1. With respect to residue 117, determine if the residue is within 17 Å of the chain's Cα centre (by Cα) and under 25 Å from residue 68 (Cβ atoms).
2. Search region 15-34 for residues being part of a helix (DSSP H, G or I) and in contact with a helix residue (DSSP H, G or I) (Cβ under 8 Å, 6 or more places away or on another chain), and hand back the single one that is surrounded by the fewest Cβ atoms within 10 Å (Cβ to Cβ).
C-alpha cells in the first residue's frame, strides 16, 4: 500500500461520528474500531486481551450497564446486532496503543486518521473554550458598561430635576439700553 493510500481510507466524518463522550472522555467503541479496521469485534477484543497490560483503565474501559443501555437507546437495539456484553471504550491513548498490536496496512492507515481526528477534536474543544472565555469577558465588560450608563442617566435625571425645581434667578448687573 502506498503512502498516499494510508492517509485517507475512510471519510473523516465517518470516524468523527464514532467518537463519543463517555465519563467525560472522548472514546471510540470496540465495535466501531473493529468496523473501521475491517476485523471482527471478537478478533479485536482477543488481540487486546492478549496484550491487556498495554491497556490500563485510562486507555480502555468497559461500559457499565447504565452506559450500555443509554447507548442502545440512542442507536436502537437493532444496530447493535445482538450484542450481549457491554462494549469496550477506547480513549485516544488506547487507540494509539492498538496501533502496536494491529499491524495490517489498513489498521495502520485508519489509526493515523483516527489520531489526526482526535487531535482536531481536541483543538476544536480548546478553541471553543477560549471563545467561551472571551465571550464571558465581553459580558462582564458589558455589564460594567450597563452600570456606568445607568449611573450617567441617574446623574442626568438628578440634574434635570434640580433645574426644574429651581426658582428663576435675579439678574445681576447693569441694564443696557434703558435710561431711567
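1. yes
2. Applying the first criterion (part of a helix (DSSP H, G or I)) to region 15-34 yields 15-16, 30-34.
From what's left, in contact with a helix residue (DSSP H, G or I) (Cβ under 8 Å, 6 or more places away or on another chain): 15-16, 30-31, 33-34.
Details: 15: 20, 16: 13, 30: 24, 31: 19, 33: 29, 34: 17.
Per the stated criteria, the residue is 16.
Coordinate-derived values only; no laboratory data. In this text the structure is predicted, and so the values were computed from the model without any measurement. Heads up, the Cβs are rebuilt from the backbone with ideal geometry, glycines too, and the neighbour counts pull from every protein chain shown.
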